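Below is one structure, written out as structure tokens, with a few remarks after it.
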Amino acid sequence: MAFRKSAKELLQLAAKTLKKLGVRFWLSSGTCLGWYRQCSIIPYSKDVDLGVFIQDYKSNIIAAFRDAGLPLKHKFGKVEDSLELSFQGKDDVKLDIFFFYEETDHMWNGGTQAKTGKKFKYLFPKFTLCWTEFVDMKVHVPCETIEYIEANYDAAWVRELKQGLPVDRVCTSL
């Protein structure tokens, strides 16, 4: 329960910081999965994951998070080729921001393996953003949530997830 509280506070601080910068964001990766699957933050997670379109990147984003009390933990890639930022929150909870790049028929974000420096490119079908409520906040999520989650995780795993969902889910886009 302590992680969920710290993660919620971190998400609120990140949202406030990004709003001040005029940067759109959405719930990504495990945070998006937690919203979709259990209408909450996954209790055994270790971070908060957000997505940002690279065209919304601001050069003062690192300074803004530092000023908000979130020092940079690591920076992988470059603005032009797979940027990823991680900031250290309190209670050992970190914030990961994945920047998404748009191509003609898909979107992608990059990843870098910390130990080896090996780069990866994660492909996503094009998506739009919808508003939803999550941990007492209004935030964006990909409208095409299932396709987004399938791009992040194994499609067979997602099929199993769908089979276990209640018909009248609480966590729907607004």
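Quick notes on this one:
- Only one entry of Glu103, Glu144 meets the criterion of being open to solvent by less than 90 Å² (accessible area, probe 1.4 Å), more than 20 Å from Phe25 (Cβ to Cβ) and charged (D, E, K, R), and that entry is Glu103.
- Any chance Lys162 is open to solvent by 40 Å² or more (accessible area, probe 1.4 Å), assigned to a helix (DSSP H, G or I) and modelled with pLDDT under 95: yes
- Subset of the range 80-111 that is free of Cβ contacts under 8 Å to residues at least 60 places away in the same chain and more than 16 Å from the chain's Cα centre (by Cα) - its residue that is nearest to Glu147 (Cα to Cα): His106
- Of the criteria (1) farther than 18 Å from Leu33 by Cα; (2) outside any loop (DSSP other than H, G, I, E, B); (3) acidic (Asp, Glu), which one Glu133 fails: (1)
- Check on Lys121, open to solvent by 90 Å² or more (accessible area, probe 1.4 Å) and free of Cβ contacts under 8 Å to residues at least 60 places away in the same chain: yes
The values are calculated or read from the model by the stated rules, or taken from the named source; none is laboratory data. Computed from a predicted structure; not experimentally measured. Note: ideal-geometry Cβ built from the backbone for every residue, glycine included; neighbour counts use all protein chains shown. When the accessible area is computed, the model is the full protein with side chains, heavy atoms only, and any ligands, DNA or RNA have been set aside. Shrake-Rupley method; radii C 1.70, N 1.55, O 1.52, S 1.80 Å.
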